[in-house]
Amino acid sequence: MPVADGAWAGAPSASEDDITYLPVIGDPGKVICIGVNYVSHQNETGRTGQVVPTVFTRFADTQMGHLAPAVKPSVTHYYDYEGEVALVIGKDAYKVSEDDAFDFVAGYGIYNDFTARDWQRATTQWIPGKNFPDSGAFGPYFVPAADIDDLDSMKLETRVNGELRQAATLADLYFSIPQLLAHVTAFTRLNAGDVVVTGTPGGVGFFMEPQGLLDEGDVVEVEVTNLGILRNTVVDEK
């Protein structure tokens, strides 16, 4: 998997034109996603006052890498972006305490949880809208946790065709990473290589006025301090 500059000293180098980026973790046993986990996104959705995290799952075979096309399903008219930070579990984790949570994090990467909003919002269960093929972008790099000095100050920005849509720091997470890991591992065992996607800030296209949903040819970039830029272009399902 590609890693951030300097992570593998002396490793062979190649031009971006000569490689294909894969998802940071290509076949995780579990991809656990957290919904509405920034106050700004809670406010725009009307889902305020959460007591516990909103949790849903993404299937591993829906993932793609940096520069891969984001395939807009033919059955949706409401295709949207969600820039997020994902963490990768480094060792088996079950009933983890908040105090020990970071001991179980191997590192981080950028995620774009492309979503068919009409399928997501058709029922109270979100899984259909979150699991169309080639809709879970994960990359470009895996950055070891030891290389991150100040997680809270890391800034997340999402741009569509160069227009800034989302901006927040990780300090703005409603439920912190330790709180998320304590909650998730209270009901399921996470194994090394599993992925937890921590939520998206306000500014998604569905809730803009007018709506800023995605069409073929739109270029979506998610940039996070120290993690790089994840870029995907929307294409219509053929």
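In region 140-238, which GluC sites (Glu not before Pro) fall in coil by DSSP and have 15 or fewer other Cβ atoms within 10 Å?
Values: sites: 157, 163, 216, 221, 223, 237; in loops: 216, 237.
Taking region 140-238 and a limit of 15 other Cβ atoms within 10 Å, the loop GluC sites (Glu not before Pro) found are 216, 237.
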So, how do all the Cα-to-Cα distances of region 71-197 break down into 5 Å bins, in percent, from 0 on up?
2, 10, 17, 20, 20, 17, 10, 4, 1, 0
Mean Cβ neighbour count within 10 Å, used as a protection proxy, ranking 14-25, 130-141 highest first:
130-141, 14-25
Could you tell me the extents of region 183-232's C-alpha atoms along the three principal axes, largest first, rounded to whole Å?
41, 24, 22
For the chain, averaging the sequence separation of alpha carbon pairs under 8 Å that lie six or more residues apart and dividing by its residue count, the contact order in percent is 31
Choose one answer from 116, 86, 145: the residue with the largest mean-square fluctuation in a GNM of the chain with alpha-carbon springs under 10 Å.
145
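Can you tell me which of 146-152, 176-182 comes out highest on packing, and rank the rest after it, using the mean Cβ neighbours within 10 Å?
176-182, 146-152
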Placing each pseudo-label 7 Å from Cα in the direction of the beta carbon, residue 43 and residue 20 end up separated by a distance in nanometres of 4.3
With 0.36 nm assigned to each residue of separation and the Cα-Cα distance removed, residue 57 to residue 191 gains 46.7 nm
Two-decimal ratio, region 128-202, of alpha-carbon radius of gyration to 2.2 N^0.38 Å:
1.27
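Using a 1.4 Å probe, what is the accessible area per residue for region 35-141, in Å²?
40
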Could you give the nm distance between label points at residue 225 and residue 91, where each point is 7 Å from its Cα heading toward the beta carbon?
2.9
For the chain, compute the number of Lys pairs whose alpha carbons are separated by less than 21 Å, excluding pairs fewer than 8 positions apart on the same chain.
6
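The values are calculated or read from the model by the stated rules, or taken from the named source; none is laboratory data. Since the model is a prediction, treat every value here as computed from it, not as a measurement. Here Cβ is always computed from backbone atoms with ideal geometry, including for glycine, and neighbour counts include all displayed protein chains. Accessible surface areas use protein heavy atoms only, side chains included; no ligands, DNA or RNA. Shrake-Rupley method; radii C 1.70, N 1.55, O 1.52, S 1.80 Å.
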